[in-house]
Amino acid sequence: PRPGFENLYAVDFFDTQHGIAMGNTTLYTRDGGNTWTQVGYYGSGGVEMADANLAFIYDGRVPIYFRSTDGGATWTRFDMPSDISRIQCFGSLNCVALSPSGTYHSYDGGVTWSFTAGEAGSYFINDNQGWYVASSTARRTTDGGATWQTQTLPAGSWIYDATFTDANNGWAVGDNMVRTTNGGLTWEQVNMPPELLPLWDVDFLDAQHGIAVGDAFLDTESVIITSSDGGTNWATRTNGSNNQVLDLVALDQRHAWASFDYGGKTSRTTDGGVTWLNTEVGNQYVSLRSIDMADELHGWTVGYHNTFYDSYIF
């Protein structure tokens, strides 16, 4: 359970107990997410926890950030000369703030910053080594953003997010997935079923274990996939649509059905919600507003066309 109802766009945990989630409000937890405390609105960019107490929130569209020294309970606003697209910390004192015009470096935990003018970065592994991997562009710096070397992505790549675990191993996702094992000197495309694309975000714990998420346009479902071999193979970790649920009906502790706001789909479970299986009504532009089941075989769902608002009964 969480307080409030506002959208949340980013989350970061320093350890198993201390985490912050932010978006149109900010929540923090000190017990592994069992309980959350709400402290207000701070933007839609991202959150970085340097340690259990020091944390940053940035909007990505404005030249400000917020800094907390008590694990997210209170925040202080800091103004910057340019927009801050990302903040990363490598310990409690050493941090970088990325902007469209260059890289800011802090060695006192984000109180003061020095500026290195240059091209924008998107992900750093320390205060000197970083990459910019976005859209169809890739480049790397080894001197804190002062100079950048252009890299080549596979043809047709369009990237939304990238991550690195060390100076050699990196992954990027978007309309396709690519990876490198040599710091980006070469990038190779990872074969991915088209129904799992696009992917919006990727993260790796180490060079072998990673997770990527998205919402496939072809099936209008949310996607969660994981890898344990460096991104060569991926396993799907969701069953059933994760669109907004508009209605739910349960016959007993095991059998339930849900209808969704997009894709003309219902989902059903026979194991109490552990797994869900999709059913398509045959019109992907229908929002199914309500569903009811008389028994395990016979039921009705009703809705309307998303554009023309024609009514439907299935």
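The values are calculated or read from the model by the stated rules, or taken from the named source; none is laboratory data. Keep in mind it's a predicted model, so treat the numbers as computed, not measured. Here Cβ is always computed from backbone atoms with ideal geometry, including for glycine, and neighbour counts include all displayed protein chains. Accessible surface is based on the protein model in full, side chains and every heavy atom, while ligands, DNA and RNA are left aside. Shrake-Rupley method; radii C 1.70, N 1.55, O 1.52, S 1.80 Å.
For this structure, a couple of remarks:
- Test: residue in region 103-114 that is in a loop (DSSP other than H, G, I, E, B) and surrounded by 21 or more Cβ atoms within 10 Å (Cβ to Cβ): yes
- Applying the criterion of being at pLDDT 85 or above, of a type in the set (Val, Ile, Thr) and out of contact with any Asp or Glu (no Cβ under 8 Å at 6 or more places or on another chain) to the residues of region 225-255, the residue that is nearest to Glu280 (Cα to Cα) is Ile225.
- For region 25-42, the candidate set comprises residues that are open to solvent by 50 Å² or more (accessible area, probe 1.4 Å) and outside any strand (DSSP E or B); within that set, the residue that is nearest to Glu6 (Cα to Cα) is Tyr41.
- Screening Gly46, Gly60 for residues that are under 20 Å from Arg86 (Cβ atoms) and buried (at least 18 other Cβ atoms within 10 Å of the Cβ) leaves exactly one candidate, Gly46.
- Scan region 263-314 for residues that are closer than 13 Å to Val249 by Cβ, open to solvent by 80 Å² or more (accessible area, probe 1.4 Å) and assigned to a loop (DSSP other than H, G, I, E, B) and the total you get is 2.
- Gly145 being out of contact with any helix residue (DSSP H, G or I) (no Cβ under 9 Å at 6 or more places or on another chain), at pLDDT 95 or above and either open to solvent by 40 Å² or more (accessible area, probe 1.4 Å) or closer than 20 Å to Gly184 by Cα (or both): yes
- Evaluating Val133 against the criteria (1) open to solvent by 30 Å² or more (accessible area, probe 1.4 Å); (2) not in a loop (DSSP other than H, G, I, E, B) leaves one unmet condition, (1).
- Checking each residue in region 57-85 for being touching a Gly at 6+ places or on another chain (Cβ under 6 Å) and either part of a strand (DSSP E or B) or on the phi < 0 side of the Ramachandran plot (or both) picks out Tyr58, Asp59, Arg67, Ser85.
- Number of the exception - Gln253 against (1) farther than 27 Å from Leu205 by Cβ; (2) touching a strand residue (DSSP E or B) at 6+ places or on another chain (Cβ under 9 Å): (2)
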